[in-house]
2 protein chains.
Amino acid sequence: MATIVVPPVTPSPAEDADALLKAFQGWGTDEQAVIGVLAHRDATQRKQIRLTYEENYNENLIQRLQSELSGDLERAMYHWVLDPVERQAVMVNTATKCIHEDYAVIVEIACTNSSSELLAVKRTYHVLYKCSLEEDVAARTTGNLRSLLLALVSTYRYDGDEVNDALAKSEAKILHETVTNGDTDHGELIRIVGTRSRAQLNATFSWFRDERGTSITKALQHGADPTGYSHVLRTALRCISDANKYFVKVLRNAMHKSGTNEDSLTRVIVLHAEKDLKGIKDAFQKRASVALEKAIGNDTSGDYKSFLMALLGSGI
Amino acid sequence: MATIVVPPVTPSPAEDADALLKAFQGWGTDEQAVIGVLAHRDATQRKQIRLTYEENYNENLIQRLQSELSGDLERAMYHWVLDPVERQAVMVNTATKCIHEDYAVIVEIACTNSSSELLAVKRTYHVLYKCSLEEDVAARTTGNLRSLLLALVSTYRYDGDEVNDALAKSEAKILHETVTNGDTDHGELIRIVGTRSRAQLNATFSWFRDERGTSITKALQHGADPTGYSHVLRTALRCISDANKYFVKVLRNAMHKSGTNEDSLTRVIVLHAEKDLKGIKDAFQKRASVALEKAIGNDTSGDYKSFLMALLGSGI
């Protein structure tokens, strides 16, 4: 469930566009007015506002927002104003060009969307970048990392609930042998994680836990990870087995006492605020014994904080 | 362009269903009457006939056809009566279970359909088999063969015409090094062939030819091929660079003097008769200096021959 709060009656797109223009004009930007409009409109409404703003003022709203805002608020607002599918295409494209810490974004988009949602992102990727997500991912990686990431982004997974128990048992054995033997040949593991349906994989992970007394993510050995492959594998296993729990972990790591990782914080909030952030909030409260709004409120400040709070559906 | 001939005015689905029932009744089946109806109806009309037949006579038309017909005609008619997308899903599923000579079917369906056409086949595969094409392909193969087949069936390729010439040149060099060095590490080759757009790949193949004086398919070394990987690679390169030329080769091999391969013959005719068989016919005539109808007419006989002739848009 989404967390954003859209008023039952909203101004017309022209009125919203006008309010934004007024917030930009004069000495300094009225960030609170910008947040007051855009954080409380759904994707269709934001699109209408973008179109109306461009038509009425002959200016691109996103570019104007980028020149008016700065820092974490600018980056968060830039992604928020995009259409949800376009936003994911932009984020996954940026991730393909980055160092391997950012591959988590690719995994999240590949593994927490349904097959048809992922397909929509890949279609928009074609339109925006005149190439496929697959070729960008494959061209910038090698070895096991490439095989796994490529399978994750390319497979049109079966989305049904049917589970083959015998298969789950035999594939749990293969996964166990691979992760405990420290085997470098991950071909079979990548095949299983990269192509089986979520329901089938969760049955396999369940067999693994029942037979081995530990989860597959815990059984994965920590060690040197020069290519980032192990991190990607761990992320994929977590996203597939329990996406909410995974995002709670990302949020908690982002608010670690050693400093706040605003990029991770923004990513989770912006990507999920109009989709399933309610479930992540509930899981966070349960795991951290503190409300997500409170945790984020303690770790952020100013207009950026206000914006995240608005997306979380809460006052400051 | 399609080759089948549909009369400008056709009987109603109920009349067609009735004509089929009459052809089934009595002593022996009237195969010519069955062909006279079904070879001259398009996919939408055949679907209506199937539905009407089932409704009116409480019997599955496909099953009845299978019990009434036999041999090559039965197999050809079974595939023909299916919806084009369903037909491809059925054929590619059969191929995943077969020995590696049949992997060509998987490659043809992956490489000669547009991205959206391939996606439609994969969607129907989900519905029919409650799993993904990707997991079936990956589970039954290993090594380079798996990597290549999996990339071919899973990548949602970019379908645009844009070409990056510098990239084509550099990737032509990678392909050349891999195929001429007899290198067993085909990771980069598989990445290129498995993920780049058709337009980009054809630019790359063109650079290859210009710089090396030979096509990449000719440069591929012939040798022991225990897994069928080399055959799959060669088929993919041919399907991507010139599908019509590739199908002409399949047809000519199917009518080799050592005997006719009816399965290959049926596959090409049935899969393409209502799509692009006209182009394949023209390419055949040009290459073999004989009309495809004439060649097939010399190599086949009886009702099977009549059926193929009807699909080719010609009398006997």
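Bear in mind that the values in this text are calculations on the coordinates, not laboratory data. Computed from a predicted structure; not experimentally measured. Here the Cβ positions follow ideal geometry from the backbone for every residue, glycine too, while neighbour counts run over all protein chains shown.
Put a label point 7 Å from Cα along the Cβ direction on B:Glu211, then list its distances to the equivalent points in the other copies in nm, shortest first.
Counterpart label points of B:Glu211 in the remaining copies fall at 4.8 nm.
Within chain A, what is the longest stretch that has no GluC sites (Glu not before Pro) placed in a DSSP loop and near at most 15 other beta-carbon atoms within 10 Å?
Numbers: sites that count: A:Glu59, A:Glu162.
Result for the longest clean stretch: A:163-316.
Could you work out the Kirkwood radius for segment B:244-311, taking every pair of different alpha carbons, averaging 1/r and inverting it, reported in Å?
Details: mean 1/r = 0.0852 Å⁻¹.
After inverting the pairwise mean of 1/r, the radius is 11.7 Å.
Take every Cα-Cα distance within chain B, group them into 20 Å bins from 0 onward, and report for each bin the whole-number percent of pairs it holds.
30, 55, 15, 0
Tell me, what is the Rg over Rh of the protein assembly as shown, with Rh the Kirkwood radius over Cα pairs?
On the way: Rg = 28.6 Å, Rh = 27.7 Å.
Ratio of gyration radius to Kirkwood radius: 1.03.
Can you give the helix-only mean residue ellipticity at 222 nm for the protein assembly as shown, where every DSSP H stretch with n ≥ 4 adds -39500 (n - 2.57) and the sum goes over all residues, rounded to the nearest 500 deg cm²/dmol? Display every interim value, and only then the final one.
Working: 40 runs with 444 residues, N = 632.
The per-residue figure over the protein assembly as shown is -21500 deg cm²/dmol.
Sort segment A:13-69 into rounded, prolate or oblate with this rule: let a ≥ b ≥ c be the square roots of the eigenvalues of the Cα gyration tensor; rounded if a/c is under 1.5, and if a/c is not under 1.5, prolate when a/b is larger than b/c, oblate otherwise.
Working: a/c = 1.68, a/b = 1.24, b/c = 1.35.
Here segment A:13-69 falls in the oblate category.
Could you pull out the longest piece of chain B with no exposed loop trypsin sites (Lys or Arg not before Pro) in it, calling a site exposed if DSSP puts it outside H, G, I, E, B and it has at most 14 other Cβ atoms within 10 Å?
Working: sites that count: B:Lys97, B:Lys130, B:Lys257.
By the stated rule (loop sites, at most 14 other Cβ atoms within 10 Å), B:131-256.
In degrees, nearest 10, range 0 to 90: what is the angle between the Cα axis of helix A:302-311 and the longest Cα principal axis of chain A?
In chain A, helix A:302-311 runs at an angle near 70 degrees to the longest axis.
Give the relative contact order (percent, whole number) for segment B:180-246; include only Cα pairs under 8 Å separated by 6+ residues. Walk me through the numbers before you get to the answer.
On the way: 33 pairs, mean separation 22.3, N = 67.
33 percent.
Quick one: angle between helix A:198-212 and the longest Cα principal axis of chain A, in degrees between 0 and 90, rounded to 10, please.
Roughly 50 degrees, rounded to the nearest 10.
How far, in whole Å, is the closest Cβ of chain A from the axis that maps A onto B, and which residue does it belong to?
A:Ser154, 2
Expressed as a rounded percentage, what relative contact order does segment B:148-298 have, with Cα pairs under 8 Å and six or more residues apart?
Details: 134 pairs, mean separation 28.5, N = 151.
Over segment B:148-298, the number comes to 19 percent.
Quick one: with label points 7 Å out along Cα→Cβ, list the inter-copy distances for B:Val290 in nm, shortest first?
List, nearest first: 8.4 nm.
Taking the alpha-carbon centroid of each part, what is the distance from segment B:135-209 to segment A:220-292 in angstrom?
35
What angle do you read, to the nearest 10 degrees and between 0 and 90, between the alpha-carbon axis of helix A:115-129 and the longest principal axis of chain A?
For A:115-129 against chain A, the angle is about 60 degrees.
Could you give, in nm with one decimal, how far B:Ser170 is from each other copy of that position, shortest first, with labels 7 Å out from Cα toward Cβ?
Shortest to longest, the spacings are 4.3 nm.
Relative contact order of chain A: what whole-number percent is it, with Cα pairs under 8 angstrom and at least 6 residues apart?
Working: 376 pairs, mean separation 69.0, N = 316.
22 percent.
Per the Kirkwood formula on distinct C-alpha pairs, the Rh of segment A:171-316 is how many angstrom?
Working: mean 1/r = 0.0591 Å⁻¹.
Every distinct Cα pair counted, the radius reaches 16.9 Å.
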